[in-house]
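All of the numbers you see were taken from the coordinates with simple rules; none came from a lab. Values in this document were obtained by computation on a predicted structure and should not be read as measured data. Please note: Cβ atoms are built from the backbone with ideal geometry, for glycine as well, and neighbour counts cover all protein chains shown.
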Amino acid sequence: MTAELDELLSLARTVADEARALLRDVRPQRVEAKRNPRDLVTEWDTRAEELIRARLIAATPEIPILGEEGGGAVTAPRRWLVDPIDGTVNFAHGLPIWSVALALEGPDGVEVGVVTAPALGWTFWGRRGGGAFADRGRGVERLAVSAVDALERSLLVTGFPSDRATAKVNNFAEWEHFQRVAGGCRRLGSASLDLCLVAAGALDGYWERGLSPWDIAAGALFVEEAGGIVTDTRGGRFRAASGEAVAAGGGIHEAIVHELARVGRAAVTPEEST
Ligand code: IPD
Ligand code: CA
């Protein structure tokens, strides 16, 4: 199993390298809205996903693929999860915080992951049980989450769903609350990179809801392999398909879950709770 996963990780890294080379110097000409005006797709999302799919199908025809732009394996027990550009809004504006995310998810969780940020020159990778690593232009580093043990000293990161203007799950109350109780709170615009930076200890914790599995699968693996904890927003088992995660070092993970529960209770009006 370990040898097989090492091979699949090596394949994912090669494919991510090709996608990085494709995307590194491009600027989109065509930016279109999908489900709402904040949910964007460019010609490069489509082209990168086509490239990644072609390479994965050629090398592992037995493993189905679920990709953001092309859909696919919604329920397969083992599948590749592909986000050709995570942070398309940043990409469309020329802001370099976006990434390509690939993960292999099996019945017991994420097995292998690669996240590469072409415009930053950063790549992160990891395999279940084998640690998480990065190359951010100064050699290979093994990732380790931060040891911060108090929310008021922590730097957190989160994101907001593209349908936030109308959706009930919009993260606004949570954002406001953590701006008060945490040392700092950021919104960078690429969930995969948010999780990579938690795994690297540059950010102390992350929470978000309303995501898709390809946004969080690879990064969640890295946080765990870097010694951190990843759960759903109630502290239960993490599943990429749930589209939500709380990820942090052991020093503050429980506190983030606790504060999210407080915000949730405060949001329930008396009529809703009866
Ligand atoms: C988005 C990013 C962002 C998150 C959004 C996602 P996309 O992914 O991950 O950080 O807050 O909810 O939709 O659409 O750019 O791949
Ligand atoms: Ca995307």
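Could you tell me the largest-minus-smallest coordinate of the C-alpha atoms of region 175-247 on each of the three principal axes, in descending order and whole angstroms?
Largest first, region 175-247 extends 30, 23, 22 Å along its Cα principal axes.
Could you order the peptides 148-156, 93-101, 34-42, 208-216 from most to least packed, using the average number of other C-beta atoms within 10 Å per residue? Provide the component values of the computation, followed by the final result.
Details: 148-156: 17.3, 93-101: 21.0, 34-42: 15.0, 208-216: 22.7.
Result, highest mean first: 208-216, 93-101, 148-156, 34-42.
Given a Förster distance of 51 Å, report the FRET efficiency between E43 and H177 from their Cβ-Cβ distance, rounded to the nearest 0.05. Provide the component values of the computation, followed by the final result.
Details: r = 39 Å, r/R0 = 0.76.
After rounding, the FRET efficiency stands at 0.85.
Expressed in nm to one decimal, what extension gain is obtained for the pair Q29 and T14 from 0.36 nm per residue of sequence separation less their Cα-Cα distance? It would help to have the intermediate numbers written out before the result.
Details: separation 15, 0.36 × 15 = 5.40 nm, distance 2.69 nm.
Stretched out fully, the Q29 to T14 stretch lengthens by 2.7 nm.
Relative contact order of the chain: what whole-number percent is it, with Cα pairs under 8 angstrom and at least 6 residues apart?
Working: 615 pairs, mean separation 43.0, N = 274.
Relative contact order, the chain: 16 percent.
Compute the long axis of helix 43-59 from its Cα atoms, compare it with the longest principal axis of the Cα atoms of the chain, and write down the angle in degrees, 0 to 90, nearest 10.
60 degrees
Any idea what the alpha-carbon Rg over 2.2 N^0.38 Å comes to for region 1-125? Before the final figure, lay out each step's value.
Numbers: Rg = 14.2 Å, N = 125, 2.2 N^0.38 = 13.8 Å.
Ratio of Rg to 2.2 N^0.38 Å for region 1-125: 1.03.
Please quote Rg/Rh for region 120-274 to two decimal places, taking the Kirkwood radius as Rh and restricting both calculations to Cα atoms. Can you show the working numbers first?
Numbers: Rg = 15.3 Å, Rh = 15.6 Å.
That ratio equals 0.98.
When N counts the residues of region 50-99, how does its alpha-carbon radius of gyration compare numerically with 2.2 N^0.38 Å, as a ratio?
Numbers: Rg = 12.8 Å, N = 50, 2.2 N^0.38 = 9.7 Å.
Cα Rg divided by the expected 2.2 N^0.38 Å: 1.31.
Under the rule of -39500 (n - 2.57) per DSSP H run of 4 or more residues, summed and divided by the residues of the chain, what mean residue ellipticity at 222 nm is obtained, to the nearest 500 deg cm²/dmol?
Values: 8 runs with 96 residues, N = 274.
The per-residue figure over the chain is -11000 deg cm²/dmol.
Given 0.36 nm per residue, what is the gain on full extension from R237 to A3 after removing their alpha carbon distance, in nm?
This chain segment gains 81.6 nm when fully extended.
Work out the length of the dipole vector of the chain about its Cα centre, built from +1 on the beta-carbon of each Lys and Arg and -1 on the beta-carbon of each Asp and Glu, and round it to the nearest 20 debye.
Working: 30 positive and 39 negative charges, 81 e Å.
That gives the chain a dipole magnitude of about 380 debye.
Run the dipole for region 151-272 about the Cα centre, Lys and Arg Cβ at +1, Asp and Glu Cβ at -1, nothing else charged, and hand back the magnitude in debye, nearest 20. Let's see the in-between values first.
On the way: 12 positive and 16 negative charges, 22 e Å.
About 100 debye.
Report the Cα-based extents of region 106-190 along its three principal axes, largest first, to the nearest Å.
For region 106-190, the Cα extents along the three principal axes come out at 39, 32, 30 Å.
Could you identify which residue out of R20, R186, R30 has the top mean-square fluctuation in a GNM of the chain using Cα springs shorter than 10 Å?
With Cα springs under 10 Å in the chain, the top fluctuation among R20, R186, R30 is at R30.
How many percent of the alpha carbon pairs in region 21-82 exceed a separation of 19 Å? Intermediate results must be reported in sequence, preceding the final value.
On the way: 759 of 1891 pairs.
Within region 21-82, distances greater than 19 Å cover 40 percent of Cα pairs.
Quick one: length gained pulling H258 to A21 fully straight, 0.36 nm per residue minus the C-alpha distance? It would help to have the intermediate numbers written out before the result.
Values: separation 237, 0.36 × 237 = 85.32 nm, distance 4.21 nm.
Result for the pair: 81.1 nm of gain on full extension.
Quick check: the distance between the Cα centres of region 45-100 and region 185-210, to the nearest angstrom?
One Cα centre to the other: 20 Å.
Using only the Cα atoms of the chain, what are the Rg and Dmax in Å?
Here Rg and the maximum Cα pair distance are 17.9, 57 Å.
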